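Below is one structure, written out as structure tokens, with a few remarks after it.
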Amino acid sequence: MITQDEVVAGISGSYSGSTRAAATIFQENQTPYISAYAVHPEITRAGPYVFRTSFMGEVQGRAGANLIGDLMDLGRVVMITLNNDFGQSLAAGFRDKAGDFGIEIVNEYAYSIKDREFGAIVSKVKADEPEAIYASGYFFTAGPLVRQLRGAGVTAPIIGQEGYDSEKFIEIAGPDAEGVIITTSLDRDSESPITRAFLEGFEEKAGYRADMVGASTHTAVLVLAEALKEAGPGDKAALRDAIANTTVEASTGTISFNDLGEVKKDVQVQIVRGGEWHRYAVIKDDELLAPPSE
Amino acid sequence: MLYVELTVQGLVQGAIYALIALGLTLVYGLLRVLHVAHAALFTLGGYIGVIVTNATGSFALALVAAIIGVGLVGVAVYRLAYRPLLDRPPLVALIASIGLYIAAEEIYRLVFGAYGLSFADPPLQAQVEVLPDLFLSEARIMIVVLAVVAIGVLGWLSAATRTGVAWRATVSDPDIARSFGIDIERVRWLNFFIGSALAALAGAMVALLNNLVEPTMGAVPAYKGLAIIVLGGLGSVRGTLVASLALGVIESFGTIYLGHLLDRDAIAFAFLILVLMLRPRGLMGRAA
């Protein structure tokens, strides 16, 4: 792509494994590359041509601690952690800030991305009697997990993250999805014209509602498009600088980057009400949400 | 009480494994083929279960459709994929089986989409208090009942019917069975039909438990089913049942007490290795 088709920039619409591999190649060829939603911390460390428009897992984990300990004022938390880079980085961020927000981590359980049966974990969580459950996962693991927790009579609030952020989660979990709260990038109740235009345009074209993945990719494309308008496609170094210095209003909020190419933006907190995602809160805390800069 | 709950949860999981692995054991017992594509039939059972239930509102009808439909597909797999390879080394059939499984996953993704399908209104969700403060959904109870019934019927078929005698004779020595007038092709067709029907039953029930059927739903059963039949003693129905339940319970406790060190599959395979070190023929395997 880079040497023969003369591609001037790339956007990753994939998870961390392939994004990390590609980041090295884009950096070696000094071609700007934006990760739309891969979370691994090493991605932007490939070099100055690599950027990320989504949250790092650690950042979102810290936001989760803030949400449970401060906004919801709950103390005894059980963690159910997806055993991959996404879940582990979320857990690391959550643990890092849990004490600061008065959270006691009662127990932590791990599961594999292949698991859909959580009977043993559900039984133990029930015995733990937590005030809240911080459970990482994707919609296809979180849907069955939430169903099984609620089915067993566990009523503690369940806090998830952007991996839940899909209509499909609500479809799988059904009525048990009600009240589930997540930290994510997309605010369905946003009044921002660009977010509204994205949500409506996506649904019109796709035939189903947008999720975080769609919004994050839309954001990455917008960031690149704005930079191309400013610097043009002819000079990749100038294009990189234009991305690095951008401040743009996108479907996931106001986007700018730190020195490492990590995004600086607010965390959206969404809740399932009436079978739909809605705004629960917005976490605006530059210090808490600061990604690493080197 | 927690230990009782973990044991019950493990037995439920074991019942699911048993339904999946019994079909594999039947095929291995008869043809000495490691039928990896069995997991694709399990997934197909899940898809038929969801699609028919959503279209008709009847889960019972969906189960019947899954059993018959997948049973027939299983016979077709035997006839078109394994039958022409039976005089080749077993490795050839194994490679064909793996290829079939991978192809099936991609076909499901292309036909049904990558996101998976869910029940519009999942049935059997009411919670039943099976022990004080231990609730299981009707679907979970049903899967245990189905496993018990399926194993009971299989045992009866095998021990008390002419079909069972023909079946066992074909397993022991196909040539002698043929010389006694047994139509061994018919026996094999029946074997694949029953084994695939069990996979369909498990697939539809697991789809209901998770309210989700995805193209990769068979990925874990594809290799764990093989682990179970090895653990049980290749070809032993009783061993498969014991291994399924044991693995379910080991995983249940292991997830809680070893989960920070090993994931569920690693616990299962560590158990498998330990058993094979102590009993190389598996839990109920007979000496060659």
Checklist entry - When every alpha-carbon pair in the stretch B:92-151 is counted, what percent end up more than 14 Å apart? => result 74 percent
Next on the checklist: Below 12 angstrom from the Cβ of A:GLY275, what's the summed charge of the other residues (Lys, Arg +1; Asp, Glu -1)?
Outcome noted: -3
Item to check | Backbone HN-Hα couplings from phi across the stretch B:171-183 [Karplus 6.51/-1.76/1.60, Hz, Gly and Pro as x] | outcome: 5, 5, 7, x, 5, 5, 4, 5, 5, 8, x, 7, 7
Checklist entry - Taking N as the number of residues in the stretch A:1-130, what is its Cα Rg relative to 2.2 N^0.38 Å? => result 1.32
Checklist entry - Tell me, what ³J(HN,Hα) does each residue in the stretch A:139-154 have, in order and in whole Hz, if you take phi through Karplus 6.51 cos²θ - 1.76 cosθ + 1.60 with θ = phi - 60° and put x for Gly and Pro? => result 4, 7, 9, 5, x, x, 4, 5, 4, 6, 4, 5, x, 7, x, 7
Next on the checklist: What number results when the radius of gyration of chain B, computed over Cα atoms, is divided by 2.2 N^0.38 Å?
Outcome noted: 0.99
Checklist entry - Does the stretch B:210-268 come out rounded, prolate or oblate, given a ≥ b ≥ c as the square roots of the eigenvalues of its C-alpha gyration tensor, rounded meaning a/c under 1.5 and, failing that, prolate meaning a/b above b/c? => result oblate
Next on the checklist: Compute the distance from the alpha-carbon center of the stretch B:121-168 to that of the stretch A:97-133, in whole Å.
Outcome noted: 31 Å
Checklist entry - Tell me, what is a quarter of the convex hull surface for the C-alpha atoms of chain A, in nm² with one decimal? => result 14.7 nm²
Next on the checklist: Quick check on my link table: of A:LYS229/A:LYS264; A:LYS168/A:LYS205; A:LYS114/A:LYS265; A:LYS236/A:LYS264, which ones sit more than 25 Å apart, alpha carbon to alpha carbon?
Outcome noted: A:LYS114/A:LYS265
Checklist outcome for this item: Fewest-first ordering of A:SER190, A:SER136 by Cβ atoms within 10 Å yields A:SER190, A:SER136
Checklist entry - Using the count of nearby Cβ atoms within 10 Å as a rough guide to exposure, how do A:LYS229, A:LYS126 rank from fewest to most? => result A:LYS229, A:LYS126
Item to check | Whole-number percent relative contact order across the stretch B:6-112, with pairs defined as alpha carbons under 8 Å at least 6 apart | outcome: 28 percent
Next on the checklist: Please compute the contact order of chain A in relative form: average sequence separation of alpha-carbon pairs under 8 Å and at least six residues apart, divided by the residue count, as a percent.
Outcome noted: 18 percent
Checklist entry - Under a 5 Å amide H to amide H cut-off, with H placed in plane at 1.01 Å, what residues pair with A:ALA250 once short-range neighbours are removed? => result A:ILE255
Checklist entry - Per the Cauchy relation, a quarter of the hull surface: what is the mean projected area of the convex hull of the alpha carbons in the stretch B:40-113, in nm²? => result 5.0 nm²
Next on the checklist: Rounded to whole Å, give me the distance from the Cα center of the stretch A:216-241 to that of the stretch B:1-67.
Outcome noted: 51 Å
Checklist entry - If you build a Gaussian network model of chain A, linking Cα atoms that sit under 10 Å apart, which residue out of A:ILE25, A:ILE172, A:ILE103 swings the most? => result A:ILE25
Checklist entry - If you take every DSSP beta bridge whose two residues both sit in the protein assembly as shown, what share of them, in percent to the nearest 5, is antiparallel? => result 50 percent
Item to check | Distant-in-sequence amide H partners of B:GLY282 (H built 1.01 Å from N, under 5 Å) | outcome: none
Item to check | Relative contact order of the stretch B:204-288, pairs being alpha-carbon contacts under 8 Å that are 6 or more residues apart, as % | outcome: 33 percent
Checklist outcome for this item: Per the charge dipole of the stretch A:132-185 (beta-carbon charges, Lys/Arg positive, Asp/Glu negative, Cα centre), the residue among A:THR184, A:TYR138, A:GLY151 reaching farthest to the positive end is A:GLY151
Checklist entry - If you plug each phi of the stretch B:29-45 into the Karplus form 6.51 cos²θ - 1.76 cosθ + 1.60 with θ = phi - 60°, what whole-Hz ³J(HN,Hα) values come out, in order, with x for Gly and Pro? => result x, 8, 10, 6, 10, 7, 8, 4, 5, 3, 5, 5, 5, 4, 5, 4, x
Item to check | Ranked B:TRP156, A:TRP277, criterion: other C-beta atoms within 10 Å, fewest first | outcome: B:TRP156, A:TRP277
Checklist entry - In peptide B:255-266, how many Cβ atoms from other protein chains are near each Cβ within 10 Å, on average? => result 5
Next on the checklist: Which residue fluctuates most in the GNM of chain A (Cα springs below 10 Å): A:LYS124, A:LYS97, A:LYS168?
Outcome noted: A:LYS124
Checklist outcome for this item: Ranked by GNM mean-square fluctuation in chain B (Cα springs under 10 Å), the top entry among B:GLY203, B:GLY99, B:GLY225 is B:GLY99
Item to check | Average beta-carbon neighbours from other chains, 10 Å sphere, peptide A:108-115 | outcome: 5
Item to check | Alpha-carbon radius of gyration plus Dmax, which is the widest Cα pair, for the stretch B:89-245 in Å | outcome: 18.7, 59
Checklist entry - Where does the protein assembly as shown land on Rg(C-alpha)/(2.2 N^0.38 Å)? => result 1.06
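Laboratory data are not the source of any read-out in this text; all were calculated from the coordinates shown. Here the structure is a predicted model, which is why all the values come from computation and not from measurement. Note that we place each Cβ from the backbone using ideal geometry, even for glycine, and neighbour counts take in every protein chain shown.
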